[in-house]
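Report on the following structure.
The values are calculated or read from the model by the stated rules, or taken from the named source; none is laboratory data. This is a predicted model, so every value here is computed, not measured. Neighbour counts run over all protein chains shown; Cβ positions are idealised from the backbone, glycine included.
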């Protein structure tokens, strides 16, 4: 039974880890995965990689990767835990410091993107379950990107509270500064996550 469990597990993380018995053990494992994943997100938010047209962080790579590895519910919960750190005042976001963390951070320019991270992880998890076709995997990851960008774009354009006291920066500026510079980098990240997810399931199948 223990040898068959990895093939029954719907997510990469649960298939790769040793089998656990009982709801308490499963809960503790999920808590450990969520904490580890949220700390990885903190690290990724602080790493900037030289890229064109703007430097990129590894944050969205980890968001999509957590969804692909953890599944919809645990992936989304892990990203939500990361956001909770920032709401509690910990400097875990890319712009903290100099910007102060806390509840008000979510009403700033990047608040929509942070909410979009949760949705993106959930969609990526749905797309990456055991047995998912390549079309579902790639299509789901692209959908996750679109939803994340749409939430961030809409909030930046219409609802974000800016330092100058204005609300939103309009659609043209939101696209020019909040979406367009990041499209190429995010597409590369999606391709990497798709390759890693497929490779992970293939490795687990070979391991038996």
Residues of the range 62-76 satisfying the condition of being buried (at least 21 other Cβ atoms within 10 Å of the Cβ) and in a helix (DSSP H, G or I): 62, 63, 64, 65, 66, 67, 68, 69, 70, 74, 75, 76
Matching entry among 44, 13, 25 (being at pLDDT 90 or above, in contact with a helix residue (DSSP H, G or I) (Cβ under 8 Å, 6 or more places away or on another chain) and more than 22 Å from residue 132 (Cα to Cα)): 44
From 49, 99, residue being without any contact (Cβ under 8 Å) to a residue 24 or more places away in the chain, in contact with a strand residue (DSSP E or B) (Cβ under 7 Å, 6 or more places away or on another chain) and within 30 Å of residue 184 (Cβ to Cβ): 49
Hits in the range 18-43 (condition: touching a residue at least 12 places away in the same chain (Cβ under 8 Å), surrounded by 15 or more Cβ atoms within 10 Å (Cβ to Cβ) and closer than 23 Å to residue 63 by Cβ): 29, 30, 33, 34, 37, 38, 40, 41, 42
Out of 176, 197, 172, 163, sole residue that is out of contact with any strand residue (DSSP E or B) (no Cβ under 6 Å at 6 or more places or on another chain) and within 28 Å of residue 11 (Cβ to Cβ): 197
Options 92, 115, 54: the member that is more than 21 Å from residue 199 (Cβ to Cβ), outside any helix (DSSP H, G or I), modelled with pLDDT of 95 or more and in contact with a helix residue (DSSP H, G or I) (Cβ under 7 Å, 6 or more places away or on another chain): 92
Failed item in (1) closer than 16 Å to residue 40 by Cβ; (2) within 18 Å of the chain's Cα centre (by Cα); (3) outside any helix (DSSP H, G or I), with residue 129 passing the rest: (1)
Some residue of the range 93-113 being within 13 Å of the chain's Cα centre (by Cα), under 22 Å from residue 14 (Cα atoms) and surrounded by 20 or more Cβ atoms within 10 Å (Cβ to Cβ): no
Qualifying residue in the range 102-111 (condition: closer than 27 Å to residue 192 by Cα and in contact with a helix residue (DSSP H, G or I) (Cβ under 9 Å, 6 or more places away or on another chain)): yes
Selection count where residues are under 19 Å from residue 196 (Cβ atoms) and either loosely packed, with under 14 Cβ neighbours inside 10 Å or modelled with pLDDT under 95 (or both), scope the range 140-183: 0
Count of residues meeting criterion [assigned to a helix (DSSP H, G or I), more than 24 Å from the chain's Cα centre (by Cα) and in contact (Cβ under 8 Å) with a residue 24 or more places away in the chain] in the range 162-206: 1
Residue in the range 54-68 that is under 27 Å from residue 169 (Cβ atoms), touching a strand residue (DSSP E or B) at 6+ places or on another chain (Cβ under 6 Å) and touching a residue at least 60 places away in the same chain (Cβ under 8 Å) present: yes
